[in-house]
Amino acid sequence: MYGDHMIYIIGDAKAPSNNPITKQYNGFFIGLVINKETHEIVDFDCSATIELTVRFLRSLFIKENMTDTTTIVNKIESRYFGSSQKGIIVAYKDALKKYKQIISDTASLH
């Protein structure tokens, strides 16, 4: 399903204590499949409790450049108004930090 140039990264964050996500998962997680040659996000999932939330967030992330923090954060802040907004941004930035380390490590091998 995913080619050799695709990688999978998890980003996580704490969700607000009154959020159903916290009750069910003890935090908020996003999973991203990224084309490491183009940095394009090709698939997305998260630990949201409502499927509509997952689908909506997927529409914000898929086809975006993983390293384009400004665009991704702006899309979340201007279009997603659930209680997990900050958690989604923190989870994305956590995944981005891991992604940059992977890309850096891969580049140093060549």
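The values are calculated or read from the model by the stated rules, or taken from the named source; none is laboratory data. A quick note: this is a predicted structure, and the numbers were derived from the prediction, not measured. As a convention, Cβ positions derive from the backbone with ideal geometry for all residues, glycine included, and neighbour counts pool all protein chains shown. With ligands, DNA and RNA removed, areas are computed over all heavy atoms of the protein, side chains included. Shrake-Rupley method; radii C 1.70, N 1.55, O 1.52, S 1.80 Å.
Here are a few things to note about the model shown:
- Pair list, Cβ under 6 Å, 6 or more apart: the range 83-110 residue within 16 Å of residue 54 (Cβ to Cβ), other residue open to solvent by 40 Å² or more (accessible area, probe 1.4 Å): 83/16; 91/12
- Residue selected from the range 70-105 under the condition of a type in the set (Phe, Trp, Tyr) and surrounded by fewer than 18 Cβ atoms within 10 Å (Cβ to Cβ), by the criterion farthest from the chain's Cα centre (by Cα): 81
- Check on residue 52, in a helix (DSSP H, G or I) and either in contact with a Cys (Cβ under 6 Å, 6 or more places away or on another chain) or modelled with pLDDT under 90 (or both): no
Matching residues to (1) closer than 23 Å to residue 103 by Cβ; (2) surrounded by 17 or more Cβ atoms within 10 Å (Cβ to Cβ):
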{"site": "33", "(1), (2)": "yes, yes"}
{"site": "38", "(1), (2)": "yes, no"}
{"site": "44", "(1), (2)": "yes, yes"}
{"site": "49", "(1), (2)": "no, no"}
{"site": "56", "(1), (2)": "no, no"}
{"site": "60", "(1), (2)": "yes, yes"}
{"site": "68", "(1), (2)": "yes, no"}
